[in-house]
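The values are calculated or read from the model by the stated rules, or taken from the named source; none is laboratory data. From a predicted model like this one, the values you see are computed outputs, not experimental measurements. No Cβ is skipped: glycine too gets one built from the backbone with ideal geometry, and neighbour counts run over all protein chains shown.
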Amino acid sequence: MGNVPSNKEGGGGFVIQKLGLSALAIAMLAGCAEPNSAELADVFGDHMVIQRDQPVRVFGTGEPGTELAVKLDAAERTVTVAESGAWQVEFAALPAGGIHEISLHEGGRKLDHVGDVLSGDVFLCSGQSNMKYPLRNMPYAPQILEEASEENIRLLNIYQKAALEPQSKLPEPTAWSKATPEAAEWFSAMCYFTGRDIAETYDVPVGLIQSAWGGSRIESWIDAEVAGAAAEHAEQVELLRTHVDDPVKAAKDYSESWQASWLADPATGGDAVWDAPDKGDWAAVPGQLRDWRTWGDPELADHKGMVWHKVSFDLTEAQASQSASVHIGSIDDTDVTWMNGVAIGTTFDWGGLRVYDVPADLLRAGRNVLLVNAHNDYGEGGMNGPDAELRLELADGSSVSLAEGWTYRKVPTDVTRPKPAPWQTIQGYSMLHNAMIAPLEGVGLKGAIWYQGESNAGAGAAYEELLTLLVQDWRAKFGADLPVVVVQLPRFGALPTVAGEPGWGMVRESMRRVAAQDDRVGLAVTIDLGDPYDIHPADKISASNRVIRVAKALIYGEAIDGPSGPVATDAEILADEIRVSFQGIDQGLVTISSSNVTGVELCDGAACRFAPATLDGDVMIIETDGAQVSEIRYCQGDSPLCNLFDGNGLPAGPFWMQID
């Protein structure tokens, strides 16, 4: 409890006595004070950094029609609050430095004020857990944090929150702070190291905004207005809007969409499990419900995907006539649940307890069937009980245990998971944008860094459009020329043994394509910095160095040979070989641990094979034996072993190249 005074000696009156009459009177008067008619947006706070060398936008909210004066140091602008309740003014650009102050006035009354404001370079750092990965988790964290006292580095660590609609206020208690060991401890290591280098290199104050959430999909970070304008995502965005107004209808519509998606997948064989739950081969769950990897079934030992779970129970006429709630325990991470063939709920949560309402007309006298499709894509997964949380609670207060008799069926890994419900926090659409990006709109930025994709790796082909939409959205909010550095995913997971199975290579290729098509998007290649056994590689210093190299060229205009490392540019087809040229080479091309280039694939349509390749100076020679080739792929799979680097130690990034 810290230094909270004890009430044991005098009860509630003890605190009043200690305040004294004057303090009490002040407190009472403060409670009667007239509320402010306007305020600065809460992204403006003490210790913040405003973007240098571009017009300074100051904005906020207030009572419509209120006449305001806004001051930046000695400069002053007047503005009338619009009917929408918003106001905005603009000041001339400031050079790097400070200290500045911003204040808001109505008549002679000061309504709001922020001080210790610096002018410098401001960066948005967003994504999922590898962006969120904090300094405290780094190797040698105590030494790193001891040095994290930087007057010229300011941090805004946005608290995690989701919202159904765009918000104007940041999640509480988000606030700017100076870089100190305490403030930096839970701050993004990737973002901090990048900002620290920029502050030192260019002798400029740096403001770092962390807006990240582990496990999040890219869809959750994109404005619904932007995503909904794309045909591929319009239906999901419309479903999200329906959920805002009519959650019951949205749940029904989603269950129908999920079932239609399942049936449309050829890999399911059209098996409507919810309609015929006894069809097919079901095995008994051994013992209590728990992580399916521990059941002793070899097919589940390393399974990432979906598993059907089923239990049946009997009810009397009196029991079946009541409404109920069904408790299905802890599930990691997403479930869709049916009672007697009717979908009753879906939730995304890492281990959270599930409880769904069951209307009386859904229960039956006699046998009832509860069916759960559980999806997990990392670590422990599935239904985890405990037994006490597996029950049907009836309206009369009685309950029926559901702890015994569970059976299961593994879903083949080639079945595509239907899209999660669009209102599912980090797995749906726009929920994180609404709470953690929308309140920042209008803030001046030097650039943005995006490190995400692990949660979308199972649908890598769709990522190209989604990343394009994200960049489009950010430029609408933070400036049409906003530069964005994308961290291409490092290696993680299964070592590839078969050609033509790109795995995570597909999402990496989508990232590469977006960067190749947009000269204000840079790609930080980190394929060699991953760990096949750890999705969160701890060496964020090396990864941030790749981001810094790209940023110095993309954002600061430095002349750097190959900011992203060697990049394949074109291919020359000869009788028995293909010659692939590269640009962005620093100190020549080299192969590591072999005279051959490993990880090269030649494809003809969907048929791919590994192909031998060597170097001839800075050209890669691939042997074809005269076979038909329509595409070259390099460094594919989840965790490939790729050995083509330049002499400066930068890897040639994974790529796909069409052959005409």
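In the set Ala559, Ala551, only one residue is within 28 Å of Asp53 (Cβ to Cβ), modelled with pLDDT of 95 or more, of a type in the set (Gly, Ala, Ser) and surrounded by 12 or more Cβ atoms within 10 Å (Cβ to Cβ); that residue is Ala551.
Table: residues versus (1) over 29 Å from Arg217 (Cβ atoms); (2) among the charged types (D, E, K, R); (3) part of a loop (DSSP other than H, G, I, E, B).
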{"residue": "Arg293", "(1), (2), (3)": "no, yes, no"}
{"residue": "Val326", "(1), (2), (3)": "no, no, no"}
{"residue": "Ile331", "(1), (2), (3)": "no, no, no"}
{"residue": "Trp338", "(1), (2), (3)": "no, no, no"}
{"residue": "Gly351", "(1), (2), (3)": "no, no, yes"}
{"residue": "Asn368", "(1), (2), (3)": "yes, no, no"}
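If I filter the stretch 621-636 for residues that are of a type outside the set (S, T, N, Q), in a loop (DSSP other than H, G, I, E, B) and within 14 Å of Val525 (Cα to Cα), do I get at least one hit? Within the stretch 621-636 (the criterion being of a type outside the set (S, T, N, Q), in a loop (DSSP other than H, G, I, E, B) and within 14 Å of Val525 (Cα to Cα)), the answer is yes, since at least one residue qualifies. Condition check for Asn340 on (1) in contact with a Lys or Arg (Cβ under 7 Å, 6 or more places away or on another chain); (2) touching a residue at least 12 places away in the same chain (Cβ under 8 Å); (3) over 26 Å from Glu393 (Cα atoms): one failure, at (3). Surrounded by fewer than 18 Cβ atoms within 10 Å (Cβ to Cβ), assigned to a loop (DSSP other than H, G, I, E, B), in contact (Cβ under 8 Å) with a residue 40 or more places away in the chain and touching a Lys or Arg at 6+ places or on another chain (Cβ under 7 Å), is that true of Pro166? When the stated conditions are applied, Pro166 does not pass them.
For (1) among the hydrophobic types (A, V, I, L, M, F, W, C); (2) at pLDDT 95 or above; (3) on the phi < 0 side of the Ramachandran plot, each residue gets a yes or a no:
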position: Val311; (1), (2), (3): yes, yes, yes
position: Gly352; (1), (2), (3): no, no, yes
position: Arg367; (1), (2), (3): no, yes, yes
position: Leu371; (1), (2), (3): yes, yes, yes
position: Ala374; (1), (2), (3): yes, yes, yes
position: Leu390; (1), (2), (3): yes, yes, yes
position: Ala395; (1), (2), (3): yes, yes, yes
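The test for being in contact (Cβ under 8 Å) with a residue 24 or more places away in the chain and either of a type in the set (A, V, I, L, M, F, W, C) or surrounded by 16 or more Cβ atoms within 10 Å (Cβ to Cβ) (or both) does not hold for Ala613. Annotation: of all residues in the stretch 382-403 being part of a loop (DSSP other than H, G, I, E, B) and in contact (Cβ under 8 Å) with a residue 24 or more places away in the chain, the one that is nearest to Ala272 (Cα to Cα) is Leu402. Of the numbered criteria (1) within 17 Å of Phe44 (Cβ to Cβ); (2) more than 20 Å from the chain's Cα centre (by Cα); (3) buried (at least 20 other Cβ atoms within 10 Å of the Cβ), the one Ser177 fails is (3). Filter the stretch 36-66 down to residues that are assigned to a strand (DSSP E or B), without any contact (Cβ under 8 Å) to a residue 40 or more places away in the chain and surrounded by fewer than 17 Cβ atoms within 10 Å (Cβ to Cβ), then give me how many there are. Residues meeting the conditions: 0.
The residue that is surrounded by the fewest Cβ atoms within 10 Å (Cβ to Cβ), counting only those in the stretch 371-381 that are assigned to a strand (DSSP E or B) and in contact with a Phe, Trp or Tyr (Cβ under 7 Å, 6 or more places away or on another chain), is Leu371. The sole residue among His303, His309 that is touching a residue at least 60 places away in the same chain (Cβ under 8 Å) and over 25 Å from the mean Cα position of the chain (by Cα) is His309. Tell me which residues, restricted to the stretch 113-158, are touching a residue at least 60 places away in the same chain (Cβ under 8 Å), in contact with a Leu (Cβ under 8 Å, 6 or more places away or on another chain), closer than 30 Å to Val471 by Cα and not small (Gly, Ala, Ser). If the condition is that a residue be touching a residue at least 60 places away in the same chain (Cβ under 8 Å), in contact with a Leu (Cβ under 8 Å, 6 or more places away or on another chain), closer than 30 Å to Val471 by Cα and not small (Gly, Ala, Ser), then Val122, Phe123, Leu124, Cys125, Arg154, Leu156, Ile158 are the ones that fit. Of everything in the stretch 458-482 that is in a helix (DSSP H, G or I), of a type in the set (A, V, I, L, M, F, W, C) and free of Cβ contacts under 8 Å to residues at least 60 places away in the same chain, the residue that is nearest to Gln427 (Cα to Cα) is Ala459.
This table checks each residue for (1) within 24 Å of Gly329 (Cβ to Cβ); (2) in contact with a Ser or Thr (Cβ under 8 Å, 6 or more places away or on another chain).
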residue: Phe193; (1), (2): no, yes
residue: Asp197; (1), (2): no, yes
residue: Glu225; (1), (2): no, no
residue: Ala234; (1), (2): no, no
residue: Leu240; (1), (2): no, yes
residue: Asp271; (1), (2): no, no
residue: Pro277; (1), (2): yes, no
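Taking the stated definitions as given, is Lys446 in contact with an Asp or Glu (Cβ under 9 Å, 6 or more places away or on another chain) and surrounded by 22 or more Cβ atoms within 10 Å (Cβ to Cβ)? Yes. For the stretch 391-428, the tally of residues that are crowded, with 21+ Cβ neighbours inside 10 Å and either touching an Asp or Glu at 6+ places or on another chain (Cβ under 7 Å) or small (Gly, Ala, Ser) (or both) stands at 2.
Just one of the listed residues (Ser216, Ser220, Ser177) is in a strand (DSSP E or B) and either modelled with pLDDT of 95 or more or closer than 30 Å to Asp539 by Cα (or both), namely Ser177.
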